[in-house]
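Please read the structure below before turning to the comments.
The values are calculated or read from the model by the stated rules, or taken from the named source; none is laboratory data. Predicted model only: the values in this text are computed from it and were never measured. Methodologically, a virtual Cβ is constructed for each residue, glycine included, from the backbone with ideal geometry; neighbour enumeration extends over all protein chains shown. These area figures cover heavy atoms from the full protein model, side chains too; ligands, DNA and RNA do not enter into them. Shrake-Rupley method; radii C 1.70, N 1.55, O 1.52, S 1.80 Å.
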Amino acid sequence: MEKSQITVLLVDDEADFRGPLARRLAKRGIDSVEAGSGQAALELFADRQFDAVILDVKMPGLDGLQTMAAIKKRQPDLEVILLTGQASAADGVAGIKAGAFDYLTKPVEIEQLAGKIRQAVERREMRQEQELEAQFRQEMQRRMNVAERLASLGTMASGVAHEINNPLAIISEAAGWLKGRLAKDQSASDELRKAGELAISKILSSVERASRITHQLLDFARKNDWEIQEFDIVELASDVIDLTANAARDANCKVELHAKSRPIKVWSDPYQLRQVLINLLTNACQAVGTQGGGEAWLSVDSAGDDVLIAVKDTGPGIPKENLTRVFEPFFSTKPPGKGTGLGLSVSKGIVEKLGGRIEVDSRLGSGAVFRVSLPRKPQVSPVRPEHGPSLNH
């Protein structure tokens with residue numbers, strides 16, 4: 001026997017009325033789950049889903065209107081059809097004002113009731129479809145807005161970065177010259193020398209930060225050429241840990257590499273992938289550092305035709321409302337001056353260019369984990385270099 005497409009909750013304190021009505025509805029393709037009271041009906045909601053509710057208004061204990069109010073609190077979109085006596089039509093009108101789909105008077109005309117049930121179910125489904133469509137339109141609009149921002153930002157970022165790099169180089173060169181002169185000037189007092197060295201250090205530090213931002217802008221704006229090579233991703237991960245050692249030390253972060261097998265060979269772009277892993281591991285160390293220290297893990301594994309990479313930390317975690325935004329350009333939860341908001345956006349773009357995907361999972365107080373999945377061989381023509389790839393900086 002085929003399962004009916006519609007299942008209703010039939011609530012009436014008279015068993016002699018419920019039973020025959022349920023059997024007649026079954027002949028019309030509508031299953032019924034029976035309840036003899038409002039309280040019994042509410043208990044059924046703990047582990048059952050219904051398409052609609054048929055509810056007698058006059059019942060001992062919780063009456064129909066009270067039961068409907070409790071049902072609507074649990075499932076606001078569930079439609080309720082009320083059954084009233086001939087002399088209780090006012091109760092039906094009151095029920096519609098309180099949110100009922102409709103009401104019918106007893107004795108019930110079965111075809112009319114079956115029609116009302118189908119109308120109620122159709123209205124609920126239509127409302128759900130409209131809500132999903134609205135959510136879809138909202139998401140598509142958000143993505144279009146992001147795409148438009150990316151298009152305009154890409155053009156602007158490239159121009160700005162190139163224009164800024166030239167004066168940065170001049171400032172860096174001048175600061176270096178001053179540093180050298182100060183070191184040779186024997187007439188300068190210790191106090192003046194220390195003040196000068198501190199000032200020059202601040203200049204060079206700021207130049208380095210500005211240069212890092214301009215390079216990120218260029219990475220964000222340009223389309224890098226493929227440099228597909230075969231390499232050991234475990235070795236690459238080990239190099240990344242070495243390259244981020246200073247960031248880990250500053251954050252009091254203990255970093256470990258986990259690899260179930262060695263080597264794990266993959267055809268991809270080691271240089272772009274290294275940039276992704278450095279960014280993820282640096283972010284992990286910085287997150288750990290906000291709590292005075294902790295641990296981070298860079299793990300590498302293989303699964304069939306894919307390579308799986310994960311960067312996990314014991315930091316404070318990411319708020320749920322930010323999980324869908326962390327890959328947006330210029331979105332950052334770091335304090336001013338501590339991040340550009342481009343690192344994860346650039347990383348996501350690189351991973352997707354390499355044919356993979358990147359995801360994040362986090363809860364406040366439980367750290368975060370970024371997972372990267374890459375195909376062992378991307379859908380592009382690999383180019384073997386004349387000399388073997390060097391994975392060391």
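At a glance:
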{"read-out": "Stretch gain in nm, segment Leu364-Asp31, where the contour uses 0.36 nm per residue and the Cα spacing is subtracted", "value": "115.5 nm"}
{"read-out": "Nitroxide proxy distance, nm - points 7 Å out along Cα→Cβ at Glu173 and Ala69", "value": "8.1 nm"}
{"read-out": "Surface accessible to a 1.4 Å probe, per residue, for the residues of region 230-279, Å²", "value": "46 Å²"}
{"read-out": "Fraction of accessible area attributable to carbon and sulfur, region 221-309 (%, probe 1.4 Å)", "value": "44 percent"}
{"read-out": "Order by protection proxy (mean Cβ within 10 Å, highest first), peptides 95-103, 120-128", "value": "95-103, 120-128"}
{"read-out": "For peptides 309-318, 368-377, sequence by mean Cβ density within 10 Å, most packed first", "value": "309-318, 368-377"}
{"read-out": "With 10 Å bins from 0: P(r) over region 235-378, alpha-carbon pairs, percent", "value": "12, 44, 36, 8, 0"}
{"read-out": "Sequence-separation-based contact order of region 164-302, relative, with Cα cut under 8 Å and 6+ spacing, percent", "value": "25 percent"}
{"read-out": "Exposure of Asp47 as accessible area (Å², to 10), given a probe of 1.4 Å and all protein chains", "value": "120 Å²"}
{"read-out": "Relative contact order (%) - region 1-105, alpha-carbon pairs under 8 angstrom, separation at least six", "value": "23 percent"}
{"read-out": "Amide proton proximity set for Ala368, modelled H, under 5 Å, gap of 5+", "value": "Asp313, Gly315, Gly317"}
{"read-out": "Share of carbon and sulfur in the accessible heavy-atom surface of region 9-61 [1.4 Å probe, %]", "value": "45 percent"}
{"read-out": "Rounded accessible area per residue of region 8-146, 1.4 Å, Å²", "value": "54 Å²"}
{"read-out": "Amide H contacts under 5 Å for Lys254, placed H, 5+ residues apart", "value": "Gly294, Glu295, Ala296"}
{"read-out": "Listed pairs Lys27/Lys58; Lys58/Lys106; Lys254/Lys348; Lys254/Lys320; Lys260/Lys312 exceeding 20 Å between Cα atoms", "value": "Lys27/Lys58; Lys254/Lys348; Lys254/Lys320"}
{"read-out": "Neighbour cut-off at most 15 other Cβ (10 Å), DSSP loop, GluC sites (Glu not before Pro), region 1-109", "value": "Glu2, Glu14, Glu109"}
